[in-house]
Amino acid sequence: MRMTVADVMTSKVVSVTATTPFKDIAQALIEGGISAVPVVDDDRHVIGMVSEADLLRKEEFREQFYREGYRPPLRARLRHPKGRQKAGGDTAGELMTSPAVTVTPEASAVSAARLMEAHGVKRLAVVDHNDRLQGVVSRRDLVKLFLRGDEEIAAEIRDDILDRSLWVDTDGVQVEVRQGVVTLSGWMDRRTETGIAARMSARVNGVVDVVDKLTWRQDDSTWDAR
C-alpha cells in the first residue's frame, strides 16, 4: 500500500566525479533540467552532491566583489558559512556538499520527503547498502504521488483497507473520492473502528484529505480497559 523510493525515483542519473570542472557541472545541470547532481568515486560510491546553489556561490561570494567593497547579505553568510570557501572551487570535489543526504530504495516515500524537509534539500541520492548510486529522488517525484486517479485511490481503500486490513465488518461503509479527498460514510459496529478506517485511508498514496462521516452502533471509546 505504501509507495517506496524505488517506486518513484529516477534510475537514469546524471552524475559527476570529484574532478569534474565547474563548467561541465553547469552544463550537466542545464542539459539534464535538474537542480543538483551526485558526486561519485570510481566505484560509484556517493561522496557528495553539487547543486545550483553551490555553483551560484561563485557569483555571490567571488573575490572581485570583496575588493569592490561588496559583502553578501548576512542571511546568505549565515545560511552558507562555507560560501566564500566554495566560491573558489573549480571542481565538483571543491564545490560539493559532503556528506550527501542519501536514502535507500526500500525507504518509504514519506521518509524521503521528511529527509528533504529536515535538510532543506530538493533531491536525495538513492544508494544501496554499500552507498553505491542507484538513482535520485526529487520533490517533483514525490509530488507525482498526488496525481493518482480518484478511482484508483477508492479501489485501494475498498480492496486493501476495508476488505483485507481491518478484519471487521465493513459492508456498511461507502467510499467516495473527489480530487484526492476521500469521504467515508455509512456505519461500522464500533466507534474505534471508524477512527482506524479513517487513519488508514489517510495513509494511502494520493490522498489529500479524509472526511470522516462514519457512524457507529457502539461507542466503545469510553469503555474501561479490563
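The values are calculated or read from the model by the stated rules, or taken from the named source; none is laboratory data. Note that the structure is predicted; figures quoted are calculated from it, not measured. Virtual Cβ from ideal backbone geometry, glycine too; neighbours counted across all protein chains shown. Areas reflect the complete protein model, heavy atoms only, side chains present, ligands, DNA and RNA absent. Shrake-Rupley method; radii C 1.70, N 1.55, O 1.52, S 1.80 Å.
Taking first residues from the range 35-48 that are farther than 10 Å from Leu133 by Cα and partners that are surrounded by fewer than 21 Cβ atoms within 10 Å (Cβ to Cβ) and of a type in the set (Lys, Arg), the Cβ contacts under 6 Å between residues at least 6 apart in sequence or on separate chains come to Ser35/Lys122.
Specify the residue that is most open to solvent (accessible area, probe 1.4 Å); the eligible residues are those in the range 87-107 that are of a type in the set (Asp, Glu) and at pLDDT 90 or above. Out of the qualifying residues, it is Glu106.
Yes or no: Asp219 modelled with pLDDT of 95 or more and open to solvent by less than 90 Å² (accessible area, probe 1.4 Å)?
no
Of all residues in the range 177-209, those satisfying the criterion of being in contact with a helix residue (DSSP H, G or I) (Cβ under 7 Å, 6 or more places away or on another chain), open to solvent by 30 Å² or more (accessible area, probe 1.4 Å) and assigned to a strand (DSSP E or B) are Arg178, Arg190. When restricted to residues that are open to solvent by 20 Å² or more (accessible area, probe 1.4 Å) and either part of a strand (DSSP E or B) or of a type in the set (Ser, Thr, Tyr) (or both), the range 133-172 contains 2. Against the list (1) at pLDDT below 85; (2) within 24 Å of Leu142 (Cα to Cα); (3) not polar (S, T, N, Q), the condition Val37 fails is (1).
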